[in-house]
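Inspection log for the structure reproduced underneath, given as structure tokens.
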Amino acid sequence: MDRTYDEKLADFEARVGRGEKIEPGDWMPEEYRKNLIRMMSQHAHSEIVGQLPEGKWIPYAPGFRRKLTLVAKVQDEAGHGQLLYRAAETLGKSREDMMEELLSGKAKYANVFNYPTPTWADVGVIGWLVDTAAVINQTMLAQSSYGPYARAMKRICYEESFHIKQGYDIIAALARGTPEQRKMAQDSIDRWWYPTLMMSGPPDSLSVHSQQALKWRIKTKSNEQVRQEFVDHIVPQIRALGFEVADKDCSYDKTSGHYRYTQPDWEELKRVINGDGPCNKERLDARRKTHEDGRWVREALAVKGRKSAEAA
Amino acid sequence: MTKEKMDTQWETYEVFHQSRRGEPHEYVGSVHAPDPQMALQMARDQFARRLKCVSLWVVRSKDITKTDYQDENFFAQVTDKSYRDPKAFEAPEKDGH
């Protein structure tokens, strides 16, 4: 006997409510599927585009060890992108379609990567600040109700902890360095402060997808909770290294046990996400060029694939 | 960008990873690849670039036969099966048998 939509929805919500995971092949509301595809493909694109701001520093990394480390980090990001594309595919959208949406400019990715990396300190700050914000968000997503997303997040969080440490190590070295090096690090921390705060998304009251994502436990914390966790975690670290937080009003509130901070400019987020950021065009152009430059490799592999199928 | 046929949609392979001899191969995820040999290389880059690994298996995703989550009857136990559990028996004390 066919169950009605309401019965299926009740079963689904009861399962999610018990903290059980939804797996590929399970019945799910169409809005749940769509919301997940949107989140997971954006997350995958962010890993892919996220290679670019740091990748450009590989030839200039100071010393062989830092160069090797940076190569490993950028390779991790490529791997994370692939893990996430694959996890998103379990919802019925192909990797090819997702890649095409990124290349055509239709897809969104983490806005933070539309900001430039003019100095070596930016490589450190991305690993330390940006990846800390990312890990706090991803640790939350590792509890997601969708099994494949939660599994991918667990693996990714493990590798991201290396990213944070290498970033911190770069900034700690600059903190011990010359006045110019300290200034370079401070300047970078200042520039990345608000873009990093924006990463957890607008306040939930302004976010259309957020309420539904919370209800079905796609995510388990609100954007504001995630951002507050980041601020509470990172501000003492910044000050311990002798640097200042760009937000002069940022202070510890004994009553709440949290740091108070100034909200980022949400109009700027809207503007940059819609294409008018310092590096949107540069990022997309670089991604398209890489895709074209790699075409011969894919073509060669396709021939190899056909030949081994014939031989089998 | 002109809408052209892209060439990135290869078959998927499921990956099993053995961290050391004597341990079981454990399922770790999947990769896209044009053939099984490339799937092994992709699997190495994706799942063994950090963790210790002595053996990898890959199998075409479409070759896996699966149960259906909807078909809960498949795993239903209609009778009491507790006799299959060692805890269902009282063992004599200080006797390993």
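The residue pairs whose first member lies in segment B:35-46 and is more than 8 Å from every other protein chain (Cβ to nearest Cβ), whose second member is among the aromatic types (Phe, Trp, Tyr), and whose beta carbons are closer than 8 Å, counting only pairs six or more residues apart or on different chains, are B:Ala39/B:Tyr13; B:Met42/B:Tyr13; B:Ala43/B:Tyr13.
Among the numbered criteria (1) in a helix (DSSP H, G or I); (2) closer than 23 Å to A:Asn280 by Cβ; (3) out of contact with any Lys or Arg (no Cβ under 8 Å at 6 or more places or on another chain); (4) not aliphatic (A, V, I, L, M), which single criterion is violated by A:Pro116? All conditions pass for A:Pro116, except number (1). The single condition from (1) within 28 Å of A:Asp293 (Cα to Cα); (2) within 11 Å of chain B (Cβ to nearest Cβ); (3) touching an Asp or Glu at 6+ places or on another chain (Cβ under 6 Å); (4) not polar (S, T, N, Q) that A:His163 fails is (2).
Among the residues making up segment A:228-264, those that are under 15 Å from A:Ser200 (Cβ atoms) and touching a residue at least 40 places away in the same chain (Cβ under 8 Å) are A:Glu229, A:Phe230, A:His233, A:Ile234, A:Tyr261, A:Gln263, A:Pro264.
If the condition is being at pLDDT below 95 and among the polar types (S, T, N, Q), then segment A:195-224 contributes A:Ser200, A:Ser205, A:Ser207, A:Ser210, A:Gln211, A:Gln212, A:Thr220, A:Ser222, A:Asn223. Of the candidates A:Glu267, A:Glu310, the single residue that is among the acidic types (Asp, Glu), under 25 Å from the mean Cα position of the chain (by Cα) and surrounded by fewer than 13 Cβ atoms within 10 Å (Cβ to Cβ) is A:Glu267.
Taking the criterion of being within 21 Å of A:Leu301 (Cα to Cα) and within 9 Å of chain A (Cβ to nearest Cβ), the only residue of segment B:47-67 that qualifies is B:Phe47. Applying the condition of being farther than 18 Å from B:Gln9 by Cα and at pLDDT 95 or above to segment B:49-64 and asking which residue is surrounded by the most Cβ atoms within 10 Å (Cβ to Cβ) yields B:Leu56. Residues in segment A:238-260 that are buried (at least 18 other Cβ atoms within 10 Å of the Cβ) and on the phi > 0 side of the Ramachandran plot: none.
When B:Thr79 is tested against the conditions (1) facing chain A (nearest Cβ under 9 Å); (2) in a loop (DSSP other than H, G, I, E, B), the lone failure is (1). Consider segment B:44-76 and keep the residues that are in contact with a Pro (Cβ under 9 Å, 6 or more places away or on another chain) and not in a loop (DSSP other than H, G, I, E, B). The one that is nearest to A:Ser161 (Cα to Cα) is B:Val58.
Go through (1) at the interface with chain B (Cβ under 10 Å from one of its Cβ atoms); (2) part of a loop (DSSP other than H, G, I, E, B) one by one and return the number of the condition A:Gln82 breaks. So A:Gln82 meets the others, but not (2).
Cβ separations smaller than 6 Å between residues 6+ apart or across chains give the following pairs from segment A:83-98 residues that are among the polar types (S, T, N, Q) to residues that are in a helix (DSSP H, G or I): A:Thr90/A:Pro148. Only residues that are in contact (Cβ under 8 Å) with a residue 12 or more places away in the chain and assigned to a helix (DSSP H, G or I) were counted across segment A:182-210, and they come to 19.
Is it the case, given these coordinates, that B:Glu72 is more than 8 Å from chain A (Cβ to nearest Cβ), closer than 29 Å to A:Tyr85 by Cβ and either surrounded by fewer than 10 Cβ atoms within 10 Å (Cβ to Cβ) or at pLDDT 85 or above (or both)? Answer is no for this residue. Counting only helices (runs of 4 or more DSSP H) that sit completely within segment A:249-312, those holding 3 or more residues that are at the interface with chain B (Cβ under 9 Å from one of its Cβ atoms) correspond to A:295-311. Tallying residues that are assigned to a helix (DSSP H, G or I), surrounded by 18 or more Cβ atoms within 10 Å (Cβ to Cβ) and under 24 Å from the mean Cα position of the chain (by Cα) within segment A:1-36 yields 3.
Figure legend. Inter-residue proximity from segment B:62-81: first residues touching a residue at least 40 places away in the same chain (Cβ under 8 Å), second residues surrounded by 10 or more Cβ atoms within 10 Å (Cβ to Cβ), beta-carbon distance below 7 Å, spacing 6+ or different chains. Indicated pairs: B:Ile64/B:Glu14.
The values are calculated or read from the model by the stated rules, or taken from the named source; none is laboratory data. Given the structure is predicted, the values throughout are model-derived calculations rather than measurements. Note that we place each Cβ from the backbone using ideal geometry, even for glycine, and neighbour counts take in every protein chain shown.
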